[in-house]
C-alpha cells in the first residue's frame, strides 16, 4: 500500500530546501508526497531575496483539498512565516495523524523565515499538536532561551520544549564529543536517546533541516516506531551530507536522493555483471583465453573513484578444462588489477567502465589487431619512481597506452621479470566486453 506524506511548507526556488527538498526526500524513501505551499521564496545558495506569503484562505484550501481525497499518513510542518499562516494551519490539524514540526526560524543565509511577532503563536499553537519537533541547537535556544553549552543544557532545552506540549523532541547537531555529531531525542516517556555519527568536514549546508524533518515524516508515514524513525532519519541525513552538491556560489546543498541513486547504480552494476558472467560461464572454450594468473571481469560505478567502487569476481574467473567459471560471488572491491585498469581508463573516458583480462599470445594479438582499435605499453620502460609505488604500474601503463591511441579498446603489455604478459579488453559495460571477447574467441 502506498503511503502518503503531506508537507506544509514554503517553496525554495533554488530547490535545496522547502517543499522541493521535502518531495525529493519523500520520493527517496518510498512515500508519495503532497504539498500545501505557505510562501514562495526567491532564493539561491547565497541569499533569500524576497518572500511572498500565500494567503491563509488559499493555504486552508490546499490542505483541505489533499485531506479530502488523499489523506496523509503523516504531516510535516515547515516554514509558516506569520501569525495568519499559523492560525490557519493549527485550526485544520489534529493529533490523529503524526505531525513533524520543523521550527524553521531562519535560512542558512540568515534571512528570517518566521516573523518575530509569530514566535509566540508558533509555540502555543503548533508545538502542542506535534508528534515530533526537530530543532537544531540554535532553534532550541531561540524557543527556550536556554544557552546551550553542553549536554546538560540540551536536555534542559528538550524538557522545556516538551513542556510547551510537544510529545517528542529531537535536538540535532550537537558536536560536544570530539569527532562525533549527536542528535538527542527526549520521548514522551521522558527517555533520552542519542544518535551519533562521525563528524563530516562540513561547516554548513543548505537543506539538511528540511531533509531531516521530511525523512522523519516519511518513516512515520511508513509505520516505523519513533525510535526507529529517529535512528533511520539520522543515518539518512548523514548520508545526504556525505554527498553534498556544490552548485552555486554559496552554501553546499545536501543531497536527499544520493542513497536512492547509489543503491540503483550498485544494483545495476551487480546485475549487469552477473548476466555477462553467466554468458562467460556458458560459452564453450572460453577457458582457452584465460591467462595462468586467471582472469577477472569488472564493472565500475558511474562516479567510481577507488577500487571499492568497482565490482568484480571474488577469487577471479578460473579455468575448468576449456571452460571458465567465477570462483565465488560478485563484490565491490574484489578486483585489484583489472579494476585499476578500468579506473585509469575512466580518467580519460568516463563512458568506459568495464573490462576483462585475457592471456597474451601472438595469435590473439593479431586477432585483436584485425577487430579493434588497440594500443600497448612496455613495463620495462616504467619510470623507477612509478615502479616503487605499489599499484601505480597499471595506472601509468593504461594512461601511456591511451596517449598513443586514445581510441584503443584493447590494451596489452608483454610482461616483465616475474610479470605475465596480459591483454585487457575495455567496454562501456560487461555485455560490451563479453561481445568483444567472444569475437576474439570465435577467431582463435
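Values quoted throughout were computed directly from the atomic coordinates according to the rules given, and no laboratory measurement underlies them. As the structure is a computational prediction, the values presented were derived from the model and not from experiment. Positions of Cβ are backbone-derived with ideal geometry, glycine not excepted, and every protein chain shown enters the neighbour counts.
Find the all-direction average of the projected area of the Cα convex hull for the range 226-297, expressing the result in square nanometres with one decimal place.
Here the figure is 9.0 nm², rounded to one decimal.
Can you pull the Rg over Rh of the range 194-344, Cα-only, Kirkwood?
We get a ratio of 1.14 for the range 194-344.
Just to confirm the number: angle between the C-alpha axis of helix 258-282 and the first principal axis of the chain, 0 to 90 degrees, nearest 10?
With both axes taken from Cα atoms, the answer is about 30 degrees.
Could you tell me the center-to-center distance, by alpha carbons, between the range 251-313 and the range 198-214 in angstrom?
31
Determine, for each peptide in 355-364, 209-218, the mean count of other beta carbons within 10 angstrom over its residues, then list the peptides with the highest first. Walk me through the numbers on the way to the answer.
On the way: 355-364: 19.5, 209-218: 30.0.
In descending order of packing, they fall as 209-218, 355-364.
Hey, could you pull the Cα Rg and Dmax for the range 262-442, both in Å?
In Å, with Rg to one decimal and Dmax whole: 15.0, 43.
Among 176, 219, 332, which one shows the biggest mean-square fluctuation in a GNM of the chain, springs joining Cα atoms closer than 10 Å?
176
Hey, can you rank 318-328, 233-243 by average C-beta count inside 10 Å, highest first?
Highest mean packing first, the order is 233-243, 318-328.
Return the single residue from 88, 258, 130 with maximal mean-square fluctuation; model: Gaussian network over the chain, springs between Cα atoms under 10 Å.
88
Output the direction-averaged projected area (hull surface divided by four) of the convex hull of the alpha-carbon atoms of the range 4-255, in nm².
11.9
What percentages, rounded to whole numbers, describe P(r) for the chain computed over all alpha carbon pairs with 10 Å bin width beginning at zero?
4, 19, 23, 15, 13, 14, 9, 3, 0
Give me the percent of DSSP beta bridges within the chain that run antiparallel, rounded to the nearest 5.
Counting DSSP beta bridges with both partners in the chain, the antiparallel share is about 60 percent.
Can you tell me how the range 327-369 classifies by the Cα gyration tensor, rounded, prolate or oblate, using a/c under 1.5 as the rounded cut?
oblate
Would you calculate, for the chain, the mean residue ellipticity at 222 nm contributed by helices, counting each DSSP H stretch of 4 or more residues as -39,500 (n - 2.57) and dividing by all residues, to the nearest 500?
Working: 13 runs with 160 residues, N = 444.
Calculated mean residue ellipticity at 222 nm is -11500 deg cm²/dmol.
With axes computed from alpha carbons, what is the tilt in degrees of helix 430-442 against the longest principal axis of the chain, rounded to the nearest 10 within 0 to 90?
10
Take the Cα atoms of the range 142-266, build their convex hull, and give its volume per residue in Å³.
127
Pairs of alpha-carbon atoms within less than 8 angstrom and 6+ residues apart define the contacts here; what relative contact order does the range 203-274 have, in percent?
Here the relative contact order equals 33 percent.
Compute the angle between helix 18-28 and the longest alpha-carbon principal axis of the chain, please, reported from 0 to 90 degrees and rounded to the nearest 10.
50
Tell me the relative contact order for the range 216-324 as a rounded percent, counting alpha carbon contacts under 8 Å between residues six or more apart.
Worked out over the range 216-324, it gives 20 percent.
Please list the equivalent ellipsoid semi-axes of the range 127-208, computed as the square roots of five times the alpha-carbon gyration tensor eigenvalues, in descending order and whole angstrom. Present the calculation step by step, with values, prior to reporting the outcome.
Values: eigenvalues 90, 34, 31 Å².
One finds semi-axes of 21, 13, 12 Å for the range 127-208.
With an 8 Å cut-off on Cα pairs and a minimum separation of 6 or more residues, tell me the relative contact order of the range 277-376 in percent.
Across the range 277-376, relative contact order equals 29 percent.
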